[in-house]
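To start, the structure under review is shown below, and the notes come after it.
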Amino acid sequence: MSELIPEGTLPAAYASSVEVFEHPKKGRCLRSRVQLQPGSVVLREVAIATAPDLSVSDVDKRVVHFQASACFHCSGPIAGGCPWPCEEGCDYSFCSPQCYARLGHVHRAECPHVENIESLGLRKGVDAWRLLLAARATAACSEDPQQAKVVEALGSYCAVLVADAGGLLPTYMSIEEAAANPNFTPADEGFDACEPCSVQAEMLCRVLMNSLPLPGPGGPTVMALLAATSLCSHSCRPNCHVAHEGAGTVALRAVSPISPGEELTISYLDDLGAFGEVRRAELLRTRYFKCVCERCTSAEEISGWDAAAPERKETLVAKVHAVVEERDMESLADLLALVHRSSDAVACEAGRCIWRTLRLQFHVEDELLELFSVLAPLLEAGLPAHHPIKAQLYLEFARGLALGGRGAEPEFLHALSAAQSNIDICFGADSAEAEKMKKELAEGQTDEQLRMAPT
Ligand SMILES: C[S@@+](CC[C@H](N)C(=O)[O-])C[C@H]1O[C@@H](n2cnc3c(N)ncnc32)[C@H](O)[C@@H]1O
């Protein structure tokens, strides 16, 4: 493909659609060789390794959800609620015998220790699922020399990451040790005393730097290590979206028109609606780089936190804390005042906090719909043309309108088509997400028809 990527580490077919180039600040990046329209698939690839992504604070809740609904190998949906149980006896299930077999002896080794891995993550505050991904990638490399070459071609790492990974290494090694030793428990003496070895350090760093948490299909996120897609830089206004299609296959899709020679970018962040300072701090904390994307370096960034008045920022921080941490719902009115007084980053963040809080309480009524009409232009300006968060918000807006008896009005039709086009473009029109959305909407409309039906 290019001297930037060793021969044979990316499938030759990619050469027709993308090429690698060197950016002075970002290192190797991908650009398109062809004209792309929103929704076109730029490339599809099978992950080197995948692991479930349960690395959220509310771990217990997600684990239960995950066990019931998603494959422990590829995170794909478990069809018809009829999972293939782990034959070794852990609580996790697989979507098919093929997926169980694909993980094969690696799962047999990790299976007796899955609970330990979960508790390691909780007790030590580490991302246990990324550590599991590193262990799975190590196994893939030792079984297949070609995979080892592919992993070697992934980006290496910076000094600060090595220092951080040094702190994680004993835990990673204990997972590997746990996987190899049936009698191992995390409380064993010497658990933290393993000597770091450079091969393990390197794999862990590559995984921390290159793995992506990917949505879908149908809900739970998968953590994937990808050869080609991981060459895409991050942008806070990306022109591509990556989605997991099941069984470890992912698709990189354009979400806006892309000309030949234009860089292909994705988002490494969940929440692109957050204001700039928060996005950049998050990238620095989790990915160890200072974002130089076009949005972060443009003077007129809509979410310019720096430009907002200091007293508005202080009020925002205090009121968000009151609502989120202290459950003081009276403070929602103060947040609403921030939304109405200006259209700066503070308004956007205050609106999103109100939206999330009301939604959590299933309180989709007039205030929420009114709020959405203020939020919509902020989201349009702050997010890329098509984005999964937009799809979700428009969907909720459409449902809210339908349930409020406004299912035939222009706002409803607009929200419906905005939700639909965002889903189709980010995930594909035939995807599980598109299916799920149509079902949800059909249920919303059915509720509405029932509500309106003469009694
Ligand atoms: C997943 S790798 C991408 C491929 C990498 N550029 C390479 O040469 O292998 C992520 C790394 O790319 C660089 N990078 C990606 N997006 C960036 C951005 N928006 N601003 C600055 N650096 C970025 C950072 O060094 C980051 O650690």
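The set of residues from segment 232-249 being at pLDDT 95 or above and crowded, with 24+ Cβ neighbours inside 10 Å comprises just one member, CYS232. For segment 266-288, taking the residues that are of a type in the set (A, V, I, L, M, F, W, C) and not in a strand (DSSP E or B), the one that is nearest to the ligand (Cβ to nearest atom) is identified as LEU283.
Taking the stated definitions as given, is GLY216 in contact with a Phe, Trp or Tyr (Cβ under 8 Å, 6 or more places away or on another chain) and either modelled with pLDDT under 90 or not acidic (Asp, Glu) (or both)?
On the way: in contact with a Phe, Trp or Tyr (Cβ under 8 Å, 6 or more places away or on another chain): yes; either modelled with pLDDT under 90 or not acidic (Asp, Glu) (or both): yes.
Yes.
Does at least one position in segment 1-16 carry a residue that is near the ligand (Cβ under 10 Å from one of its atoms), of a type in the set (Val, Ile, Thr) and either assigned by TED's automatic domain parsing to the domain that holds VAL242 or assigned to a loop (DSSP other than H, G, I, E, B) (or both)? Checked against the condition, which is being near the ligand (Cβ under 10 Å from one of its atoms), of a type in the set (Val, Ile, Thr) and either assigned by TED's automatic domain parsing to the domain that holds VAL242 or assigned to a loop (DSSP other than H, G, I, E, B) (or both), segment 1-16 yields no hits at all. Among the residues of segment 26-44, are any out of contact with any Lys or Arg (no Cβ under 8 Å at 6 or more places or on another chain), modelled with pLDDT of 85 or more, of a type in the set (Gly, Ala, Ser) and surrounded by fewer than 17 Cβ atoms within 10 Å (Cβ to Cβ)? Yes: one or more hits.
For segment 207-265, give me each residue that is basic (Lys, Arg) and within 13 Å of the ligand (Cβ to nearest atom).
Quick first cut of segment 207-265, residues basic (Lys, Arg) only: 237, 253.
ARG237, the sole residue that qualifies.
A single entry from LEU269, LEU252 fulfils the requirement of being at pLDDT below 90, outside the structural domain of VAL339 (by TED's automatic domain parsing) and surrounded by 13 or more Cβ atoms within 10 Å (Cβ to Cβ): LEU269. Restricting the search to helices (runs of 4 or more DSSP H) fully inside segment 342-455 and requiring at least 1 residues that are over 24 Å from the mean Cα position of the chain (by Cα) and modelled with pLDDT under 70 gives 366-382, 388-403, 432-452.
Filtered by the rule that a residue be modelled with pLDDT of 90 or more, within 16 Å of the ligand (Cβ to nearest atom) and surrounded by 16 or more Cβ atoms within 10 Å (Cβ to Cβ), segment 289-334 gives CYS291, CYS293.
The values are calculated or read from the model by the stated rules, or taken from the named source; none is laboratory data. This structure is a prediction, so every number in the text was calculated from the model and none was measured. No Cβ is skipped: glycine too gets one built from the backbone with ideal geometry, and neighbour counts run over all protein chains shown.
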